[in-house]
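So the structure is just underneath, and the comments pick up after that.
The values are calculated or read from the model by the stated rules, or taken from the named source; none is laboratory data. Just so you know, these numbers come straight off a predicted model, no measurement behind them. As a convention, Cβ positions derive from the backbone with ideal geometry for all residues, glycine included, and neighbour counts pool all protein chains shown.
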Amino acid sequence: MTQALSADVLVIGGGSTGVGVAWEATRRGLSVILAERSNLAGGTSGRFHGLLHSGGRYVVSDPRSASECAAENKALRSIAPQAIEDTGGLFVSLEGDDPAYAEGFPLACERAGVEAVAMSPAEARSAEPAVNPGIQAAFWVPDASVDVWRLLGILSAQAAEGGAKILEHHEVVSFEQEGQRVLGARLKDSATGETRWVSAQVVVNATGAWSGRVAAMAGCEVEILASRGVMVAFADRLSHLAINRCIRPSDGDIVVPIRTVSVIGTTDVAVADPDDTTVAPEEVAAMVAAADQLIPGAGSARTLRAWAGVRPLYRPPGGAGSGATRTVSRAHALVDHATQDGVEAFVTITGGKLTTLRLMAEEAVDLVVAKIGLPATPAFVEALEEKPARPAYFRLPDALAHRESVWGGDRDAVVCECEGVLRSDVVALVAAARGRIGIGDLRRSLRVGMGPCQGGFCSYRCAGLIAEAAQAAEAVTEDLVEFWKERFKGTATVSFGAQARQEILDRWLYASPLAPPGEPVALP
Amino acid sequence: MNRRADAVVVGAGLAGSIAACRLAQAGAEVLLVAAGEGSMGLAPAWLDVLGRMSGPVSSPLAGMQSLPDSHPYARMGSGVVQEAVEFFSSLVSSLDYRGGLEDNMALPTSLGGRHLCAMAPPAMAAGNLDRAGSVAIVGIGAMRDFSACLVAQNLSAGGALSAQGVTVDFAGAGADLGNLDVARRIQEPKLRAQLGAEVLACIGGAERVGFPAVLGLGAHQEVVGDLERILGREVFEIATVPPSVPGLRLSSALAVLRRTLGVKEVIGARVTGFVPGPGGVGGLRVRAASRSQIYEADYFVIASGGVLGGGIEVGHQARSETILGLQIPEGPLGSLGVAVDNSLRPLGPSGDPVFQNVAFAGATVGGADPIGELSSQGICVATGYLAAEVVKAEVAKVARAK
Amino acid sequence: MRDEVVASTDGCVKCTICEQACPVAAVTDLFPGPKYVGPQAERFRHGDSVDRSVEYCSGCGACSVVCPQGVAVAELNIRARAQIPRSRRETLRNLALGDTESVARLAGLVPGVANALLGNRAVRRVAQWLAGVHRLAPLPAFAPRRSVRSFWTKSPGEGVPVVYFPGCSTSWYEPWLGEMVVAVLERNGISAQIAAGRCCGLPAQSNGFFGLAARRVARIAKELGAPVAKGTPVLASSTSCALMLMSEAKDVLGIESDPVLRLAEATWDVSEFLLDLHRQGRLDQKGLSPISRRVYYHPPCQQRRHLSGRPALELLALIPGVEIIESTQYCCGIAGTYGLKAEKYEVAMEVGRGLFSEIADSSPEVVACDSETCRWQITHASGVPSVHPVELLYESYGLSGARRPLRQDAKRKSARR
């Protein structure tokens, strides 16, 4: 067992909730260790559609969530503008949609504090030419899209700057308890296989859909309804505004422009296992059909990937029992296991949405502080208070401008052509990690391999740069092959039209000019 | 408006080119129409005939004997495959292909793997990994698509031979080099002399020197000759991702042949359908810039590509051939193709030919798994050749009847 | 609804076939290649233009022709180029090159003066410095008023009616070609009504003035509406005019009005039309008398985008005695007005280098090429006289009356270094 660690707070889970808690706790001057079993955003956070909610979606069904979203939308914009694109969004009702819903929408927005501007169909069409020309009513809302890897990267980097220790690839194997008090946890490092002991004054369980399992390890009860939602990404942006269907929340009611793609979401299917992220072909077909209603032509547009994420829906003890997950509140829940289960120093924060991560973190850390108090000098707070005068949002052409900076010069090269990643971008990350980095890490940080060719060309280039630094061709080759397999998992259900052609080209690349030594690559 | 020829060939790839050249050589008036350039410039110019079945195949000729009956090679028989490959070699004799169907050679990949293929141009064949001795693998610093480090370390790890990776600068050639950039610049004698000197300084006693396959386009032989002279040892090329420079050499050679043999071409126009005629197909509907035209002929060779080339469309519901609208039998994505008889005529669901005067060729033909089997080029050459033979025989029959 | 051209980017599988075919990327690092500035860059474009590298696309369209996946690469690039912010000087220069009709109308009033100025080295130096038009670039000479008059007063003759669209080049620079086209048609029982001298809009479009280009096309579609409705074919001897009317008005400018679409369907390249006559057995092949001449034929890039093969080549093959050398090169580099610009002249000459040396190696007496700007560039760079293929048919038929002023070529030659 490697060296033991200790901190004021041990946060379990490196999704949006956990990173938010680590960030907030650091801000208040607490020492923090965060443990994540895979990589940051490796669970549900990395598997959502990218929408920073305006709140409009919930104004009728769940006004409390709507109000929280409206406030937190503003808050996140000022915390991490670089991770956010200020797209704006539309709520539109189509022919056949219940007109009463659209009629009640403005008042519901007003009551919930959600900004919404009524537009004539003609105005909406001119604001977003891609939208269905047959729209009956339209409202503009301050939707935005958020790059979750960049967002969590910013928050975790700030936390690390304030002294927090972020341990990726560390899974909790057990809790150490003394009587009814949690003292810390044993973590297993999946890279080395070693376990290490972390003691903490409070342990925060921020494991989302897995929080029932983690709570159970400490002898506590958290009931989570795991609800799987399927999303499909198109190879290009189909619209530049987020387009919501102005009806009660239902399957396929939102198309989000995020980075270079558009994502349609989503479904809501209860699953027993939070690791069950299978995608059925019928679900893909239904999503594509739903997108085609909002944006005519989407039905024949190239689909790039399909994936599923599992939402953690929290059911309070003795809460409503019946099955339909759509009707379960999206609001978050903070559970003090001291009062609920009589277990001291253990807190669960779960449910909620990525948009409300700051609020969730604030409430969780309030509870932590109530238990252990604050240190005398929370020095880190001030550093974080300095905000840029104007938010520097991400803009879509930024990546093109970044790529264009190479033009005519003689210093750099483009490695990932689909997403405009330069050799210097990759080399910098590889150097910072001293060669101990995978292509998957480059993907999350830089988006290599996320474009139409799905890594067919750039993954080898990245592997070459890593191999050059690490001088470990065998391991790099293995990582490369794993990366290819992982990419193929997401394209299996969307291999139609141009994407099928791409798949054939990629299969051929991996079997012929890029064939690795030994057995052929077994792609799904 | 209509155009007429003895035979219309669809597709400007390897299969279409072979068929068109063979027919034109036999004196037929050939009209070739293609939606774009074929994919020869993607694949290295190696001729994969049969490299893998349940395991590696050491002899394509022997391996062919145990293919299922529905496989194109089994349908035509290994004799025809042999004839076709010989025809190909003599057609592009300027490229001087080495090897044969008796034994596969193992050529290095860009990841240091072993690629089994029947034939290859001399500079690629010289990289045969079954030959003993030490090799140096040369990378060019600014090149995106080749990592000498990956190739050399993986080759050495395989244990068969010792490989040493070196990366050199290509002086004055810029920081962002694609395969084509290097291939064009290396044609400049001064630049390649400098490169040769840089390489010579760091390869020690290696017996052969492997470069990424970018050793010149039109001046390929001069480039290889100069480098071998400077380095004093054999030089070979290692296949890269597209654009493939050796593939482009093959593609240009065939384009020149098509032209010299009098094949009339329309490149960039899509065939959108057909009009019925006495033999099944009377003409093909071709979309020009603003109008459709009908290309009439007695016989048609369709080598419009597989899924990648656009000859087969994979829809949400069904998979179909794009010109005649044939349904494609179910199967994994890599094996989709038109079911054909022994004369490459398309078969209907009942197993009988549905069009008498059409022969399919190339990746459009089903019954194989070209990527998995490493048989892509072999199937193109063999079916392109056979399609031309079938059409030639039919043309002769018509002539006799007249 | 998704725009068709933008939606075509979905087809890109990054296969690099367009990069292999691009004649500009092959000769300069200033152009990063069609895939790079085309379907790849398109995914990032939204709002202000941030990528100036697309500027170096010449618009020759090789990429769109060779792409097996149907990606409208060149069309995307032409659109993106039009979005690049310009300095006032650049805009003026581009307007001077793009609004050919207005310039020609003005200068055509005093062709002698205009030619004297454009032939003057000092003036050209000033023009390069002031307006960014390269001092050596092959600018056409305005035709003598006599030739212009002779063309416009030509009677259509007897026969099946067609409309002949002369475009700028025939209207103001090479009116004798128009006379020859009309005469060759007449010889084959076709009566050609000459349409008004108009610019098709292509130069305006390639210089970024989409509004002007759209107005030009719409005007032509309106003027020719009546004959087109009757099913009368519209013939162009300029491959760029034909391309504009056939497809670019829709694919680049996005015009989908009925008159423009109907005009597209009615438009023919003159060689394509004559070859079609031949296929129908209606071309007077017997009347073609031998010309013993070594002719180098180069199909221009715009003509390849008609997607109709090489009709002029097949026509030339009908002329007894002509020895034809077929070009194996893709582009002469000029690409309309691209090679005239000071910053692109060298690039254009480099693009055409393969062609020029192939011409030199095959020592033809004359180069036949369907596009006027290509002819001007070829003669400028190779010194070999160049003609439209119909000019050779005219000669072979033994027709007379129309005459190409010899000094035109001589003058252009003298503009070389």
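Scan the range A:418-440 and tell me whether some residue there is in contact with a strand residue (DSSP E or B) (Cβ under 8 Å, 6 or more places away or on another chain), under 30 Å from A:Ala285 (Cβ atoms) and more than 12 Å from chain B (Cβ to nearest Cβ). So far as the range A:418-440 goes, no, none of its residues is in contact with a strand residue (DSSP E or B) (Cβ under 8 Å, 6 or more places away or on another chain), under 30 Å from A:Ala285 (Cβ atoms) and more than 12 Å from chain B (Cβ to nearest Cβ).
Of the residues making up the range C:267-292, those that are touching a Ser or Thr at 6+ places or on another chain (Cβ under 7 Å) and surrounded by 15 or more Cβ atoms within 10 Å (Cβ to Cβ) are C:Thr267, C:Asp269, C:Val270, C:Glu272, C:Leu288, C:Ile291. Restricting attention to the range B:35-47, and to residues there that are within 14 Å of chain C (Cβ to nearest Cβ) and among the aliphatic types (A, V, I, L, M), which single residue is surrounded by the most Cβ atoms within 10 Å (Cβ to Cβ)? My answer is B:Ala35. Taking the range A:163-174 as the range and being surrounded by 23 or more Cβ atoms within 10 Å (Cβ to Cβ) and in contact with a helix residue (DSSP H, G or I) (Cβ under 6 Å, 6 or more places away or on another chain) as the test, only A:Ala164 passes. Inside the range B:293-340, residues that are within 11 Å of chain A (Cβ to nearest Cβ), in contact with a Pro (Cβ under 8 Å, 6 or more places away or on another chain) and closer than 30 Å to B:Val398 by Cα make up a count of 1.
Can you work out which of the residues in the range C:339-355 that are small (Gly, Ala, Ser) and buried (at least 21 other Cβ atoms within 10 Å of the Cβ) is farthest from C:Glu326 (Cα to Cα)? Per the criteria, the residue is C:Gly339. Filtering the range B:153-181 to residues that are of a type outside the set (S, T, N, Q), at the interface with chain A (Cβ under 8 Å from one of its Cβ atoms) and touching a helix residue (DSSP H, G or I) at 6+ places or on another chain (Cβ under 9 Å) leaves B:Ala157, B:Gly174, B:Ala175, B:Asp176, B:Leu177. For the range A:400-436, the tally of residues that are touching a residue at least 12 places away in the same chain (Cβ under 8 Å), buried (at least 21 other Cβ atoms within 10 Å of the Cβ) and not charged (D, E, K, R) stands at 8.
Restricting attention to the range A:451-461, the residues that are under 12 Å from A:Glu419 (Cβ atoms) and out of contact with any Phe, Trp or Tyr (no Cβ under 7 Å at 6 or more places or on another chain) total 6. Tallying residues that are over 10 Å from C:Val270 (Cβ atoms), touching a residue at least 40 places away in the same chain (Cβ under 8 Å) and not in a helix (DSSP H, G or I) within the range C:157-189 yields 6. Among the residues of the range B:115-137, those identified as away from chain A (no Cβ under 14 Å) and farther than 23 Å from B:Met53 by Cα are B:Pro121, B:Pro122, B:Ala123, B:Ala126, B:Arg131, B:Ala132, B:Gly133, B:Ser134, B:Val135, B:Ala136. If you check A:Ala159, A:Ala215 for being assigned to a helix (DSSP H, G or I), over 23 Å from A:Val310 (Cα atoms) and not aromatic (Phe, Trp, Tyr), only one passes: A:Ala159.
Only one entry in A:Thr339, A:Thr278, A:Thr350, A:Thr355 is part of a loop (DSSP other than H, G, I, E, B) and either more than 27 Å from A:Glu486 (Cβ to Cβ) or among the polar types (S, T, N, Q) (or both), namely A:Thr278.
Of the helices (runs of 4 or more DSSP H) contained entirely in the range C:1-96, those carrying at least 3 residues that are more than 10 Å from chain B (Cβ to nearest Cβ) and either under 24 Å from A:Ser239 (Cβ atoms) or over 25 Å from the mean Cα position of the chain (by Cα) (or both) fall at C:4-7, C:73-82. The residue that is nearest to C:Ala218 (Cα to Cα), among those in the range C:246-269 that are more than 20 Å from the chain's Cα centre (by Cα) and in a helix (DSSP H, G or I), is C:Pro259.
Could you check the range A:450-524 for helices (runs of 4 or more DSSP H) lying wholly inside it with 2 or more residues that are more than 10 Å from every other protein chain (Cβ to nearest Cβ), free of Cβ contacts under 8 Å to residues at least 40 places away in the same chain and touching an Asp or Glu at 6+ places or on another chain (Cβ under 6 Å)? Answer list for the range A:450-524: none. Mind listing whichever residues of the range C:231-257 are more than 12 Å from chain B (Cβ to nearest Cβ), within 22 Å of C:Met180 (Cβ to Cβ) and not hydrophobic (A, V, I, L, M, F, W, C)? Within the range C:231-257, C:Thr232, C:Ser237, C:Ser238, C:Ser240 qualify. Could you please find all residues in the range B:63-111 being within 30 Å of B:Gly139 (Cα to Cα) and either in contact with a Gly (Cβ under 7 Å, 6 or more places away or on another chain) or of a type in the set (Phe, Trp, Tyr) (or both)? Selection gives B:Tyr97, B:Asn104, B:Met105, B:Leu107, B:Pro108.
Restricting B:Arg184, B:Arg229 to residues that are away from chain A (no Cβ under 14 Å) and touching a Leu at 6+ places or on another chain (Cβ under 9 Å) narrows the list to B:Arg184. Test A:Arg57 against the stated conditions and say whether it is closer than 23 Å to A:Arg311 by Cβ, basic (Lys, Arg) and surrounded by fewer than 24 Cβ atoms within 10 Å (Cβ to Cβ). So A:Arg57 does not fit the description; no. The number of residues in the range A:254-283 being under 23 Å from A:Leu225 (Cα atoms), touching a Ser or Thr at 6+ places or on another chain (Cβ under 6 Å) and among the β-branched types (Val, Ile, Thr) comes to 1. Residues considered: B:Leu50, B:Leu67, B:Leu32. Of these, the only one that is away from every other protein chain (no Cβ under 11 Å), outside any helix (DSSP H, G or I) and under 18 Å from the mean Cα position of the chain (by Cα) is B:Leu50. May I ask you to verify whether B:Tyr295 is under 30 Å from C:Val234 (Cα atoms), at pLDDT 95 or above and in a strand (DSSP E or B)? Yes. Anything in the range B:238-251 that is more than 9 Å from chain C (Cβ to nearest Cβ) and of a type in the set (S, T, N, Q)? List them, or say none. Selection gives B:Thr240 alone. Of the residues making up the range A:97-152, those that are of a type outside the set (Asp, Glu), within 14 Å of chain C (Cβ to nearest Cβ) and touching a residue at least 40 places away in the same chain (Cβ under 8 Å) number 8. C:Glu326 fulfils the conditions (1) surrounded by 23 or more Cβ atoms within 10 Å (Cβ to Cβ); (2) under 23 Å from B:Gly36 (Cβ atoms) except for a single criterion, (1). Each residue in the range B:246-284 was checked for being touching a Leu at 6+ places or on another chain (Cβ under 6 Å), closer than 18 Å to B:Val391 by Cβ and either among the charged types (D, E, K, R) or part of a loop (DSSP other than H, G, I, E, B) (or both), and 3 of them qualify.
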